[in-house]
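So the structure is just underneath, and the comments pick up after that.
The values are calculated or read from the model by the stated rules, or taken from the named source; none is laboratory data. These numbers come from a predicted model, not from an experiment. Neighbour counts run over all protein chains shown; Cβ positions are idealised from the backbone, glycine included. With ligands, DNA and RNA removed, areas are computed over all heavy atoms of the protein, side chains included. Shrake-Rupley method; radii C 1.70, N 1.55, O 1.52, S 1.80 Å.
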Amino acid sequence: MAARGCGGAWRRGWQRGRALSGPAPGPFPRGRRAVACNARGGAVPAGKSGLASWVPVVGLEIHAQISSNSKLFSGSQVQFAAPPNSLVSFFDASLPGTLPVLNRRCVEAAVMTGLALNCSINKKSLFDRKHYFYADLPAGYQITQQRVPLAVNGSLSYSLCTGNKMSQMVKKTVRIKQIQLEQDSGKSLHDDTRSQTLVDLNRAGVGLMEVVMEPDMCCGDEAAAAVRELQLILQTLGSSQAVMAEGQLRVDANVSVHHPGEPYGVRTEVKNINSIRFLAKAVDYEIQRQIEELENGGTILNETRAFDSKLGCTVPMRDKEGKQDYRFMPEPNLPPLILYDAKSLPANMNHQQVINIDWIHERLPDLPSVKREKLVEQYGILPEHSFALLNEDGLAEFYENVLKQTRMKPKRVIGWVLNDLLSYLKQHSLTVKESPVSSFLLADLLNLLEKKEISSTAAKQVLAELWKGEGKTPLEIVKEQKLQLLQDQKELEQICQAVIDRQENE
């Protein structure tokens, strides 16, 4: 199940938002026309007649699971794929008389994320109850931050490929409306065979950060690029592992279309997207669906939809015609969350009992954008290569470790890492950490190539052998298969003379 977020907060942002320019179209579902924004701005012609112009508007709500050993308000352990209902405290099950205790680690992770996204951190934030009935929400309400969230008014910069070549990239920015702390719900498991639904509360109470983006995007490629950059930032900070396959990063996309100069159209919400690739497809499909519906005289319903990845289309889930009253109220069992900076921290305060915003800010690691700049500046590689290195977890560190152990120039090493090693990893669906070829072995191989003891063709043969993981060194493989280049000029002359003599005799 998705976490239920601050739809009202997002809607207010939607009304104030603005459509920005986007890239050339990416892949679209079969049988549908591509609709995207012009890279220089403005609307794009669409429709059968080609006369009507449409401006797509896309905003995102992203729920990121906080990396913490325990839940947001209880001491229950957080563990993926644990046996059902094995990690549930009395508070998670909402037994009478239980009270929430705020997890310090979750607050620090949210503050760190807010700072990395250029947000203003509220020194005083409030918790609220959001009421609704659902089987996997035993309390009948979710503890969230509706009125005064932890962080507000930030921004996320991301790069987007606008052509067929990776070098054709533009930098874009999406505004961050707010980041709020909230607890996750449980999970409903539907058994169609027995016509029953079972509830697993292991996930109930797990800490989430909801990142609400303003509607500043206009196509699937932009949405996907922004989420990927956010995912890298969260992983760099360690505030979330952000593994979408495990539900640690879930995206709700809000989509509408309108004619230039007119008010925004009716929006639909595509819920619970758990793949960046599916996000791009879902947004592009929904844009095209709305355009076709309006051009054929239909109307767009304010509804929640889901993306069917097998069919490549969005399908209705429920309508939103009647506005749901969540009966927000202040959480009576949690006091205001008070944070400090160096100036406001009282002199007699125990530093271990408070959270210091400045202390967290000083310990922020280099963000992906900074790492890319350093890679380009230090090693002279192309900017697109720096993106490729950081897009694979651990690949940049692998590349730098190879450089430390070889004399080959960085521009040559990057080709072996991206074109050869990475293709092997993708072909066998392995991560960098699972690679049977270590940075030491690759460096050893490249040293043989650099010293001209083997040819490039032979080096690729050796890499293929190393991939088998039989424990042999590159030199051992070279000697076994007699792949060395001959360095002795007299020996070369003798071989050549023997070939000539053989030809004369024939």
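Adding -39500 (n - 2.57) for every DSSP H run of four residues or longer, then dividing by how many residues the chain holds, sets the calculated 222 nm ellipticity at -9500 deg cm²/dmol. Across the protein chains, with a 1.4 Å probe defining accessible surface, the residues HIS63, HIS190, HIS259 rank HIS190, HIS259, HIS63 from largest area downward. In whole percents, the pair-distance distribution calculated for region 55-330 from its alpha-carbon pairs, binned every 5 Å from zero, is 1, 6, 11, 15, 17, 17, 15, 9, 5, 3, 1, 0, 0. When CYS496, CYS313, CYS218 are compared by accessible surface with a 1.4 Å probe, the order from highest to lowest is CYS496, CYS313, CYS218. Have a look at the DSSP beta bridges in the chain and tell me what percent are antiparallel, nearest 5. Percentage antiparallel, nearest 5: 95.
Relative contact order for the chain: 15 percent, from Cα pairs under 8 Å spaced at least 6 residues apart, divided by residue count.
Holding the Cα-Cα limit at 29 Å, pick out from LYS130/LYS343; LYS124/LYS374; LYS71/LYS123; LYS404/LYS468; LYS130/LYS177 the pairs that are longer than that. The pairs that break the limit, which is 29 Å between Cα atoms, are LYS130/LYS343; LYS124/LYS374. Estimated at 0.36 nm per residue, the fully extended path between ALA82 and GLU292 surpasses their Cα-Cα distance by 71.1 nm.
Let's test the formula: R0 of 60 Å, r as the Cβ-Cβ distance of PHE90 and LYS460. What FRET efficiency results, to the nearest 0.05?
0.50
Once the gyration tensor of the Cα atoms in region 106-148 is diagonalised, the equivalent ellipsoid follows with semi-axes of 27, 12, 8 Å, ordered largest first. Largest first, the three principal axis extents of the alpha carbons in region 91-217 are 55, 45, 23 Å in whole numbers. The C-alpha radius of gyration of the chain, expressed as a fraction of 2.2 N^0.38 Å, stands at 1.18. Extension gain for LYS404 to VAL354 (0.36 nm times residue separation, less C-alpha to C-alpha distance): 13.8 nm.
Among SER68, TYR326, TRP467, whose Cα projects farthest towards the positive end of the dipole of the chain, with charges put on the beta-carbon of Lys, Arg (+1) and Asp, Glu (-1)? Comparing the listed Cα positions along the dipole, TYR326 ranks first. Maximal additional length on extending the HIS428-ASN505 stretch stands at 22.6 nm, based on 0.36 nm per residue less the C-alpha distance. Placing R0 at 60 angstrom, the Cβ-Cβ distance between THR473 and ALA347 gives a FRET efficiency of 0.45 after rounding to 0.05. Among the GluC sites (Glu not before Pro) in region 419-474, those located in a DSSP loop and surrounded by at most 13 other Cβ atoms within 10 Å of their own Cβ are GLU470.
If R0 is 30 Å, the Cβ-Cβ spacing of ASP191 and ARG277 corresponds to a FRET efficiency of close to 0.55. Against the empirical curve 2.2 N^0.38 Å, the C-alpha radius of gyration of region 368-489 lands at a ratio of 1.08. The relative contact order of region 368-489, computed from alpha carbon pairs under 8 Å that lie at least 6 residues apart in sequence, is 20 percent.
Only protein heavy atoms count here; under a 1.4 Å probe, ILE500 has an accessible surface of about 80 Å².
The mean sequence distance of close C-alpha pairs (under 8 Å, at least 6 residues apart), as a share of the length of region 55-330, puts its relative contact order at 23 percent.
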